[in-house]
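What follows draws every value from the coordinates through simple rules; no lab data is involved. Since we're looking at a predicted model, the values are computed, not measured. Here Cβ is always computed from backbone atoms with ideal geometry, including for glycine, and neighbour counts include all displayed protein chains.
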Amino acid sequence: VVVPAFNEERWIRRVLETMPSFVARVIVVDDCSAARTIEEVQFFQEKDPSVFLIRHNQNGGVGKAIATGYQRTKEEGLDVVAVMAGDAQMHPDDLLKVVTPVVRNEVDYAKGNRLFRGESWGIIPHYRYLGNAFLSLMTKIASGYWHIADSQCGYTALNREALEVLPLDEIYPRYGMPNDLLIKLNMQNLRVGDVSVRPLYNQGGKSEMRLSR
């Protein structure tokens, strides 16, 4: 599991503590955070050798952090790589659902979908729900993956075959990364699947995403 993190000192320990036991390797990519985020990860590393920390000297964006984690997993020869955010807004109990279609070789890339659950409208802020739906429509047109309903969801998993052919150094570095990655996946004729995941919001953090951008 790759965990991109930027100033997530309040939540990163929860992410690591609740990581499912079947995960063999956790790669935290710190995107030039303040010191406390690093300290929290290093504290956890002392008791769990499966946790590895990579530090960016400059803030490159969440897409860049994920690409760095992907590159590391590629070098280690890992077979299936998931992404879970460092802000504890991805439910750990859903990880098995996300990785299963990849493990079974049904798809090359599995992507979480938060929008088609009955409780989502009451949990996700309405402007973000509608914004996600609009961006997802635009991404359907741009990528050709018409069955992918929640393009902005970062809860994903992909296989080694996809890692080998994706141009990791060309992935969009910031919040447009999920959209850009779908386009690059289709250019490689890779199979993408939709997986229903529960939305988690109101964790107390402040989103760095700007609606206008």
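The trypsin sites (Lys or Arg not before Pro) found in segment 1-94 that occupy coil by DSSP, while having at most 10 further C-beta atoms within 10 Å, are 47.
The phi-based Karplus calculation (6.51 cos²θ - 1.76 cosθ + 1.60; θ = phi - 60°) puts the 3J(HN,Hα) values of segment 2-14 at 8, 10, x, 9, 9, 6, 10, 4, 7, 10, 5, 5, 4 Hz, whole numbers, x for Gly and Pro.
The chymotrypsin sites (Phe, Trp or Tyr not before Pro) of segment 1-104 that meet both conditions, a loop assignment by DSSP and at most 11 other Cβ atoms within 10 Å of the site Cβ, are 22.
Remark: spin-label model distance residue 106-residue 25 equals 2.6 nm, labels positioned 7 Å along the Cα→Cβ axis. Computed extension length for residue 168-residue 134: 9.6 nm, one decimal, from 0.36 nm per residue of separation with the Cα-Cα distance subtracted. For segment 42-113, relative contact order (Cα pairs under 8 Å, six or more residues apart, normalised by length) works out to 16 percent. Full extension of the chain between residue 57 and residue 93 yields a length gain of 9.7 nm, computed as 0.36 nm times the residue separation minus the alpha carbon distance. Whole-Hz Karplus values for segment 61-75 come out as x, 5, x, 5, 5, 5, 4, 4, x, 4, 4, 5, 5, 5, 5 Hz, taken residue by residue from phi with 6.51 cos²θ - 1.76 cosθ + 1.60 and θ = phi - 60°; glycine and proline positions read x.
Pull out the extension gain between residue 34 and residue 196, defined as 0.36 nm times the separation in residues minus the alpha carbon to alpha carbon distance; nm, one decimal.
Between residue 34 and residue 196, full extension yields an extra 55.0 nm.
Amide H to amide H, with H built 1.01 Å from N, residue 9 comes under 5 Å of 37, counting only residues 5 or more places away or on other chains.
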